[in-house]
Amino acid sequence: MDLKTKALTKSIWVFHFAAASCNNCDIEILDALTPKFDLERFGILLVGSIRHADVILATGAISHKAAVRLKRLYEQAPQPCLVVAVGSCACSMCIFRDSYNMAGPFDGLVPVHAYIPGCPPKPEAIIMGVVKLIKALRKG
Amino acid sequence: MAKTLFYFIVFPGFLFTALIGLLVSWIDRKVTARVQWRVGPPILQPFYDFVKLLGKETIAPQAGSKLTFLFSPIFGLAAATVVSTILWLVMISPEKTFLGDLIVVIYLLTIPSISIIIGGFASGNPLASLGASREMKMVLAYELPFILAVFTPVIKAQGIIRLGDLLQYQWANSIFLNSWSGFIAFVVAIICMQAKLALVPFDIPEAETEIIAGPYIEYSGAPLALHKLTRWMMLFVVPMFLVVMFMGGILFSGWHILWGILKYVLLLVIIILIRNTNPRLRIDQAIKFFWGPMTILAVIGVILAFLGI
């Protein structure tokens, strides 16, 4: 493992992308970033600008309008940038599958590197997902 | 020639200041975490952040001016390096001072803010322009009381504007903080320092909850790393400047070195505590605060210094 990968896994700045979800996953993501779980221990920070992001935390079932914005955001992010789908809607569309206004699951639009199922997933599950992502990155 | 290069690149200059800057920013984050009852990041965290940013892709926005956008972080970094070199050389050997180096240092301390303004305007992003214009207003607001506060010791020392002579004056007599005028000027300078470092309650230019990251919004990769490094170095350089001006600097002999470092740590803890116990001000409130109460306080300090109190 070279220094570049090690630095990336030790300092993950996340960008929160909420695509028309019911807001529950977003609340759980914010919970995961509170002092109780203290993700800064692992160097994980929430950033506001996509240009600073290493990981996009994407939630919600994606509509045709949000799909355009997701693709643009992914193109704006500096590489290497990873995408994590948080929640059942983001992973598999959940109850919105086959809806007339849905643009398809996340992995049909941008490459997704980790899936965190749950409706909504607990903060512990989100941290677990990020840890698995870091382990996969270290293996290469 | 080789000695000068060594001064600028290795010892009091770039490498030394950058390393201490990384350490100091870790202390800042760790103490903040402890205040919020958290564990906080490991000691190498700023180093990992810096290396990671160097390894990321650099994007220059199409709407902006690419050359200005990419070069602006270098101005800030160079200015912080030069200030640190001047301050430490003067502390190690006070006879290395030159006429008016105090004025040079005051000018150079403004340049990191100006590099942020240039970078923000060059990025062609409306939020970055908004942040840069706020930064410009902040510079206009805090410079007046800051310069008045810095000139109070100069008046007390009968018009010495060499940093080395100011230090020797303090070592021969007492430090400027021991007098009423010096104390008032020191309080004003601490609050102006908070604004100079763009920390809460004066982090108005990059208010991440309203204008995301302000001037930094379009930066990614290596230029962002340089901007961050400049900020961390300033967290070391600006308090050091106040230590030299008001608290007699660091005397390099025996126990005095430890005592000098303690002075800096005291200032750092004050900065961190102010940062953790205050909400953010609006830009108009900040300007009113600096041009009103702070300037009046600084003028009182100057008058007291003229009276010799």
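The values are calculated or read from the model by the stated rules, or taken from the named source; none is laboratory data. The structure presented is a predicted model; accordingly, all values stated were derived computationally and were not measured. All Cβ positions, glycine included, derive from the backbone under ideal geometry; neighbour counts span all protein chains shown. What goes into the accessible areas is simple: the full protein's heavy atoms, side chains included, and nothing from ligands, DNA or RNA. Shrake-Rupley method; radii C 1.70, N 1.55, O 1.52, S 1.80 Å.
If packing is taken as the average number of other Cβ atoms within 10 Å across a peptide's residues, how do B:264-273, B:73-82 rank, most packed first?
B:73-82, B:264-273
Could you check the simple spin-label distance between B:Thr277 and B:Ile106, using points 7 Å along Cα→Cβ, in nm with one decimal?
Between B:Thr277 and B:Ile106, the simple spin-label model gives 3.1 nm.
Taking the Cβ-Cβ separation of A:Lys71 and B:Glu210 as r and a Förster radius of 35 Å, what is the calculated FRET efficiency to the nearest 0.05?
Efficiency for this residue pair is about 0.85.
How far apart, in nm, are two points set 7 Å out from the Cα along the Cα-to-Cβ line at B:Ile147 and at B:Leu44?
Placing both labels 7 Å beyond Cα along the Cβ direction yields 4.6 nm.
For an R0 of 30 angstrom, estimate the FRET efficiency from the Cβ-Cβ distance between A:Asp2 and A:Met128 and round to the nearest 0.05.
Here the calculated transfer efficiency is 0.70.
Need one value for B:199-209: mean number of C-beta atoms belonging to other chains within 10 Å of its residues' C-beta atoms.
Taking all residues of B:199-209 together, the mean is 1.
Taking the Kirkwood radius as the inverse of the mean 1/r across Cα pairs, report the Rg/Rh of segment B:81-195.
1.06
Simple spin-label model, 7 Å along Cα-to-Cβ: B:Ile74 to B:Ala2 in nm?
With each label point 7 Å from Cα toward Cβ, the separation is 2.6 nm.
Go through B:214-225, B:9-20, A:65-76, B:131-142 and give me the packing order, highest mean Cβ count within 10 Å leading.
So the peptides B:214-225, B:9-20, A:65-76, B:131-142, ranked by packing, come out B:214-225, B:131-142, B:9-20, A:65-76.
Just round it to a whole percent: the fraction of Cα-Cα distances in segment B:127-166 exceeding 15 Å.
Tail fraction, whole percent: 56.
Ignoring ligands, DNA and RNA, how much accessible area is buried between chains B and A, both sides summed, with a 1.4 Å probe, to the nearest 100 Å²?
Buried: approximately 2200 Å² between A and B.
Using only alpha carbon pairs under 8 Å that are at least six residues apart, calculate the relative contact order of chain B and give it in whole percent.
The normalised contact order for chain B reaches 27 percent.
Rounded to the nearest 0.05, what FRET efficiency is calculated for B:Ile257 and A:Arg41 with R0 set to 25 Å and r the Cβ-Cβ distance?
Efficiency at R0 = 25 Å is approximately 0.15.
Treating the angle as unsigned and between 0 and 90°, give the value, to the nearest 10°, between the Cα long axis of helix B:45-55 and the longest Cα principal axis of chain B.
50 degrees
Roughly how many whole Å is it from the C-alpha centroid of segment B:121-169 to that of segment B:66-103?
Taking the Cα centre of each part, segment B:121-169 and segment B:66-103 sit 14 Å apart.
Note the full-extension length gain between B:Leu266 and B:Glu57 as 0.36 nm times their separation in residues minus their Cα-Cα distance, in nm to one decimal.
Stretched out fully, the B:Leu266 to B:Glu57 stretch lengthens by 71.4 nm.
Average projected area of the Cα convex hull of segment B:253-292, in nm²?
Directional mean of the projected Cα hull area for segment B:253-292 stands at 4.1 nm².
Would you work out which of B:Val35, B:Phe50, B:Thr97 lies farthest towards the positive end of the dipole of segment B:1-121, given +1 charges on the beta-carbon of Lys and Arg and -1 on that of Asp and Glu, about the Cα centre?
With unit charges placed on the Cβ atoms, the residue in question is B:Val35.
For segment B:113-213, calculate the relative contact order in percent as a whole number, restricting contacts to Cα pairs under 8 Å that are 6 or more residues apart.
Across segment B:113-213, relative contact order equals 34 percent.
Return the average number of partner chain Cβ atoms within 10 angstrom of each residue Cβ along peptide A:11-19.
That average works out to 2.
With axes computed from alpha carbons, what is the tilt in degrees of helix B:126-156 against the longest principal axis of chain B, rounded to the nearest 10 within 0 to 90?
10 degrees
Enter the mean number of other protein chain beta carbons within 10 Å of the beta carbon of each residue in B:211-222, as an integer.
For this peptide, the per-residue mean of nearby foreign Cβ atoms is 4.
Where the Cα atoms of segment B:190-309 are projected onto their three principal axes, how long is each span, largest first, in whole Å?
47, 38, 23
Return one quarter of the surface area of the convex hull spanned by the alpha-carbon atoms of the protein assembly as shown, equal to its mean projected area, in nm².
For the Cα atoms of the protein assembly as shown, the hull's average projected area reads 23.0 nm².
Tilt of helix B:255-276 relative to the longest C-alpha principal axis of chain B, in degrees (0 to 90, nearest 10)?
Roughly 50 degrees between the two axes.
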